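A short write-up of the structure that comes next.
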């Protein structure tokens with residue numbers, strides 16, 4: 001098994017050091033090389049540092065404030081505090097990559113079965129790209145955090161980015177060494193079906 005798979009951790013504390021452009025481009029290239037359904041390559045990567053990163057974090061903060069008053073996700077209100085904590089991590093990370101689906105529909109779209117399948121395949125393709133990116137970052141000694149709880153500010157971030165946000169990848173040199181988190185055992189999550 002690849003060492004990057006076994007040693008990768010979700011990093012939430014980063015050193016302030018910037019990441020060289022060549023390393024960022026290598027991480028992006030790894031994402032681009034991921035498999036994608038029908039080779040649609042639905043991803044778009046918006047790389048942010050400094051003022052640009054701060055502006056998008058401010059947009060997320062505004063979305064979180066709006067969500068407390070006029071929620072898009074009322075049944076998920078218990079997750080807002082966690083999203084606010086994630087925002088503090090995003091602010092601290094030297095670099096954020098916002099990953100959007102160029103074909104994605106907005107939160108209020110009513111999808112046909114075919115459209116739903118199309119969107120699901122795109123989302124899975126983007127997940128494969130992100131996995132390639134975080135393993136490449138690990139190989140380069142760069143820590144990462146795969147962030148999905150930007151959903152409370154989805155409307156605001158989509159408008160700022162120009163397409164449907166699927167995830168954010170925080171990158172930086174780790175200032176912590178988190179222990180591995182518990183994983184389910186193979187026998188707990190697999191079912192063998194062998195019919196002869």
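No value in this document is a laboratory result; all are computed from the given coordinates. Only a predicted model underlies this, so the values are computations on that prediction, with no experimental measurement involved. All Cβ positions, glycine included, derive from the backbone under ideal geometry; neighbour counts span all protein chains shown.
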Exercise. Output the qualifying pairs, or none if there are none: Cβ atoms under 8 angstrom, residues six or more apart or on different chains, first residue in the stretch 139-166 and touching a residue at least 24 places away in the same chain (Cβ under 8 Å) and at positive phi, second residue assigned to a strand (DSSP E or B) and crowded, with 17+ Cβ neighbours inside 10 Å.
Key: 162/100
Quiz item: Can you tell me which of 97, 80, 89 is under 18 Å from residue 47 (Cα atoms), touching a helix residue (DSSP H, G or I) at 6+ places or on another chain (Cβ under 9 Å) and in contact (Cβ under 8 Å) with a residue 24 or more places away in the chain?
Solution: 97
Quiz item: Of everything in the stretch 33-43 that's farther than 16 Å from residue 139 by Cβ and touching a strand residue (DSSP E or B) at 6+ places or on another chain (Cβ under 9 Å), which residue is surrounded by the fewest Cβ atoms within 10 Å (Cβ to Cβ)?
Solution: 36
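Please determine, by comparing only the residues of the stretch 8-22 that are part of a loop (DSSP other than H, G, I, E, B) and under 17 Å from the mean Cα position of the chain (by Cα), which one is surrounded by the fewest Cβ atoms within 10 Å (Cβ to Cβ). Give the steps one after another, and end with the answer.
The first filter runs over the stretch 8-22 and keeps only residues part of a loop (DSSP other than H, G, I, E, B), leaving 8-9, 11-13, 15-20.
Narrowing the set further to residues that are under 17 Å from the mean Cα position of the chain (by Cα) leaves 8-9, 11-13.
Values: 8: 18, 9: 17, 11: 24, 12: 18, 13: 15.
Selected residue: 13.
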